[in-house]
Amino acid sequence: MGNDPLRSLTIADVAARAGVSRAVASRALSPEPRPVSADKRERVLKAAEELGFKPNFLAQSLTTKSVNLVAVVVNHIHDLSDLDLFDLLLDRIQAAGKQVILLRVGSVARVEEFLRRGIAYHVDAALVFSDFADAATIREMFRSDHVVMLNGRHDRLSPTVIPDEAMGIDAAVADAAGKGVREVALLTGRQSSEVERVRIAAYRASFTRHGMAVIREAQGDYSYESGHAAAEALVGAHPPQALFCTSDAMAMGVLDARRADFPGNRPERFRLYGFDNISLTGFDAYPIASIGYDKARYVEEIVGLLTRPQVFSQPHEPVRISTAFYPRATA
């Protein structure tokens, strides 16, 4: 290494100490999954630690044309299900050696503003949860084909991971039918969302299949507040036999507004079903029967797409994740 204490450490120093080539040292220290034997990787990591060497990922990006950034595009984050999902998603993306830039779109106008002003972020890929733009618009927005659409507005060149919600919904409706429910109320989210429209259609088809009539309906925005506000109108003096909400947060709002109808969290006048199976429904305060999917598998499928750039250059069938019904006290 020479006698100059001010000289910066380089990858060559690490390679020499580990007894490997610079190319092997570079692969071992790369945040990307690159081929190198376990023995050599261990030697390189140990040498880097002993020398106090920190890889310069910005410099690496100039060589690899990769910036190790992934954009996550959302409308906003206020639904409790977002917190469960995005905490896991960010953890797995970072474990894959990339960092996240979170973009809150909020409206169609905001997407148009990005396009009009030519605002672009240099990222390796974009994960799109916002339903305010389609795949072609997002590709234009980021000037990249590496786009995963998770909002129901994908096309043949944008890979996607889709929870098969009809399975879990039908299991929940069948549970209610088995308990004699024939009249139901439905609290939905924003129906301009393609994902929500598909979800509502699945509920309606299942209600029909199980001989149920929807006697009341209201629209919320997936939030606790909207569920709390809609509870009185949906229940009233003559409640339905069951109330289905298309998010757990709305069901939590209903439960708090109508606690008197759930002594000991058990239904006295109507049964209550949510959607998303958020972590809070596993606790005593909100034991809401719900519909959900394996979020860990969902995230692994998404992150897996990021490691296979070839999926962005050819037609790609959606990856489907099964959903299930989770019975709890409110049903």
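The values are calculated or read from the model by the stated rules, or taken from the named source; none is laboratory data. Remember, it's a predicted structure, so these values are computed and weren't measured experimentally. Because the Cβ atoms are built from the backbone with ideal geometry, glycine has one as well, and the counts that use them run over all protein chains shown.
Would you call residue 308 touching a residue at least 60 places away in the same chain (Cβ under 8 Å), basic (Lys, Arg) and over 30 Å from residue 254 (Cα atoms)? No, not satisfied.
Take residues that are over 22 Å from the mean Cα position of the chain (by Cα), of a type in the set (Asp, Glu) and not assigned by TED's automatic domain parsing to the domain that holds residue 258 and tell me which of the helices (runs of 4 or more DSSP H) falling wholly in the range 131-236 contain 3 or more.
Values: elements: 135-142, 165-178, 194-209, 224-235.
It comes to none.
Looking at 235, 184, 195, which one is of a type in the set (Val, Ile, Thr) and modelled with pLDDT under 95? Walk me through how you get there before you give the answer.
Numbers: 235 fails: modelled with pLDDT under 95; 184 fails: modelled with pLDDT under 95.
Going through 235, 184, 195 in turn, the sole match is 195.
Of everything in the range 156-173, what is surrounded by fewer than 16 Cβ atoms within 10 Å (Cβ to Cβ) and in contact with a strand residue (DSSP E or B) (Cβ under 8 Å, 6 or more places away or on another chain)? Give them in sequence order.
Of all residues in the range 156-173, those surrounded by fewer than 16 Cβ atoms within 10 Å (Cβ to Cβ) come to 156, 164.
The answer is 164, and nothing else.
Pick out the one residue from 276, 294 that is surrounded by 21 or more Cβ atoms within 10 Å (Cβ to Cβ), under 17 Å from the mean Cα position of the chain (by Cα) and not aromatic (Phe, Trp, Tyr). Let's see the steps before the verdict.
Details: 294 fails: surrounded by 21 or more Cβ atoms within 10 Å (Cβ to Cβ).
Being surrounded by 21 or more Cβ atoms within 10 Å (Cβ to Cβ), under 17 Å from the mean Cα position of the chain (by Cα) and not aromatic (Phe, Trp, Tyr) holds for just one of 276, 294, which is 276.
Of everything in the range 108-121 that is surrounded by 13 or more Cβ atoms within 10 Å (Cβ to Cβ) and of a type outside the set (Val, Ile, Thr), the residue that is modelled with the highest pLDDT is 112. Does residue 153 satisfy the criteria of being at pLDDT 85 or above, crowded, with 16+ Cβ neighbours inside 10 Å and under 30 Å from residue 29 (Cα atoms)? Considered against the rule, which asks whether it is at pLDDT 85 or above, crowded, with 16+ Cβ neighbours inside 10 Å and under 30 Å from residue 29 (Cα atoms), residue 153 comes out as no. Screening the range 231-269 for residues that are free of Cβ contacts under 8 Å to residues at least 60 places away in the same chain and among the basic types (Lys, Arg) and picking the one that is surrounded by the fewest Cβ atoms within 10 Å (Cβ to Cβ) gives 259. All of (1) in contact with an Asp or Glu (Cβ under 9 Å, 6 or more places away or on another chain); (2) on the phi > 0 side of the Ramachandran plot hold for residue 264 with one exception: (1).
For the residues 83, 127, 103, the requirement of being surrounded by fewer than 18 Cβ atoms within 10 Å (Cβ to Cβ), closer than 21 Å to residue 299 by Cα, modelled with pLDDT of 75 or more and not basic (Lys, Arg) singles out 83. Within the range 196-236, the residues that satisfy the criterion of being more than 19 Å from residue 259 (Cβ to Cβ) and among the polar types (S, T, N, Q) are 206, 208, 219.
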